[in-house]
1. Here are some conditions: (1) touching a strand residue (DSSP E or B) at 6+ places or on another chain (Cβ under 8 Å); (2) free of Cβ contacts under 8 Å to residues at least 24 places away in the same chain; (3) away from the ligand (no atom under 16 Å from the Cβ). Residue 332 meets all but one. Which one does it not meet?
2. Name the residues in the stretch 375-413 that are assigned to a loop (DSSP other than H, G, I, E, B), closer than 30 Å to residue 198 by Cβ and out of contact with any strand residue (DSSP E or B) (no Cβ under 7 Å at 6 or more places or on another chain), would you?
3. Report the residue count in the stretch 70-87 for those that are in contact (Cβ under 8 Å) with a residue 12 or more places away in the chain and assigned to a loop (DSSP other than H, G, I, E, B).
4. Which numbered condition trips up residue 277, out of (1) in contact (Cβ under 8 Å) with a residue 40 or more places away in the chain; (2) under 19 Å from residue 217 (Cβ atoms); (3) away from the ligand (no atom under 16 Å from the Cβ); (4) surrounded by fewer than 24 Cβ atoms within 10 Å (Cβ to Cβ)?
5. Go through the residues of the stretch 423-430 one by one and say whether even a single one is within 16 Å of the ligand (Cβ to nearest atom), crowded, with 22+ Cβ neighbours inside 10 Å and under 18 Å from residue 471 (Cβ atoms).
6. For the stretch 444-462, how many residues are in a strand (DSSP E or B) and within 16 Å of the ligand (Cβ to nearest atom)?
7. Based on this model, can you work out whether residue 358 counts as more than 16 Å from the ligand (Cβ to nearest atom) and farther than 16 Å from residue 382 by Cβ?
8. Scan the stretch 300-322 and tell me whether some residue there is farther than 14 Å from residue 443 by Cβ and within 16 Å of the ligand (Cβ to nearest atom).
Ligand code: MN
């Protein structure tokens, strides 16, 4: 289980000595109250840790060094209650490796029209103090989120929540291990990419393992482990299979026991499979993959390590939120002009966290891969808002595509479709969304979530410092093409800019 409360966000307030002890004491007290308020809010996913006000370059640098080396700290909230001369922040910001958000708030919500005097003016200066801090961040080309509003404002808290979730996912990627069972599907382009660059840029490592290594783990599964797994299936799903298919389910349970052992022993948080490389496996793992995803593992089919890592990041961001997150594929279209939509699915591997109600455990033949009939969970997905996200390797940079969608009811039941399915209408409509996605080079695989929105992914992309393109209700193809062209130049020049 992913527990975001185990992670800390440090609340760091800047000031300077000029104001005197009394004012600085007040700054400390006020900042403490804000940090405490946020920490007590049910909307805030992490522990907000108040840090005493920083007033000198040494103190600022020191807190940044400590943040970098704290395994629990996923990022900083920065705020200038008073003016804090920003040259003091240069060293600290230049070494800070954790993401930060600039909370442009003020202790008081209203101007006390009747009582306001120069003492008040001396203390409550974020309107200009935060601009000085903003300047140095921009001067240093620092990616950060700027949130404006009173700290009790529900929208401010919501934006902090989104940012913290992204920061937790970013932290999770640092040092993350992705296991690739087998390699890429032969000749497939989009699932390839530069794994060395990904490790430099994203912090996670991707390594391949022979399917035989996994099979050796599966062979160690004991009868009682398999029985326990079967009992769990019985309790969790509708058992829609015949007695003759029981052996197939038991085989799947055995594969699951082995896969879990392999991933646990190796400390992996994400993995990929391929159906071209199944030596020694009786079935292509369907149900085990679905259940591992439901437990928070990232997954990408056909060797798709970028999507696997992305699904894991989205799972971390979505922890405890309503709505699930899954590996997904744009499978087939409904192109009727009365309402165009996408049917999203995969051969087997859709996460039951997005299911409406109890999923059905079924066994059906798989026309590809040449292995025994694999069990899988079959289900529909409730209506609501969702997003599809893809990360691709453009050769000189990684690009993220983000496309919000509306999940709708299928026009009719799909009684013969033996896989989990989602039907959605992409923003702004299928024609524009698909054209933009294709022009942007977005993969056929995505991370799909009904718990997250575009803002989560934008915050995350900015922490990763990668290109992102959103396709939403404001997208037009001509503007989208312009963005792509501008970005081409921007990213080519960017490394020489700072
Ligand atoms: Mn696929």
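The values are calculated or read from the model by the stated rules, or taken from the named source; none is laboratory data. Just so you know, these numbers come straight off a predicted model, no measurement behind them. Here Cβ is always computed from backbone atoms with ideal geometry, including for glycine, and neighbour counts include all displayed protein chains.
1. Unmet condition: (3).
2. Result: 394, 395, 396.
3. Restricting attention to the stretch 70-87, the residues satisfying the condition of being in contact (Cβ under 8 Å) with a residue 12 or more places away in the chain are 70, 72-87.
Okay, now just the ones that are also assigned to a loop (DSSP other than H, G, I, E, B), so 70, 72, 81-85.
Total meeting the criteria: 7.
4. In the conditions (1) in contact (Cβ under 8 Å) with a residue 40 or more places away in the chain; (2) under 19 Å from residue 217 (Cβ atoms); (3) away from the ligand (no atom under 16 Å from the Cβ); (4) surrounded by fewer than 24 Cβ atoms within 10 Å (Cβ to Cβ), residue 277 misses (3) alone.
5. Pass one, the stretch 423-430, residues within 16 Å of the ligand (Cβ to nearest atom): none.
No, the conditions are met nowhere in the stretch 423-430.
6. Here the count works out to 4.
7. Numbers: more than 16 Å from the ligand (Cβ to nearest atom): yes; farther than 16 Å from residue 382 by Cβ: no.
Taking the combined requirement at face value, the residue does not satisfy it.
8. No, the conditions are met nowhere in the stretch 300-322.
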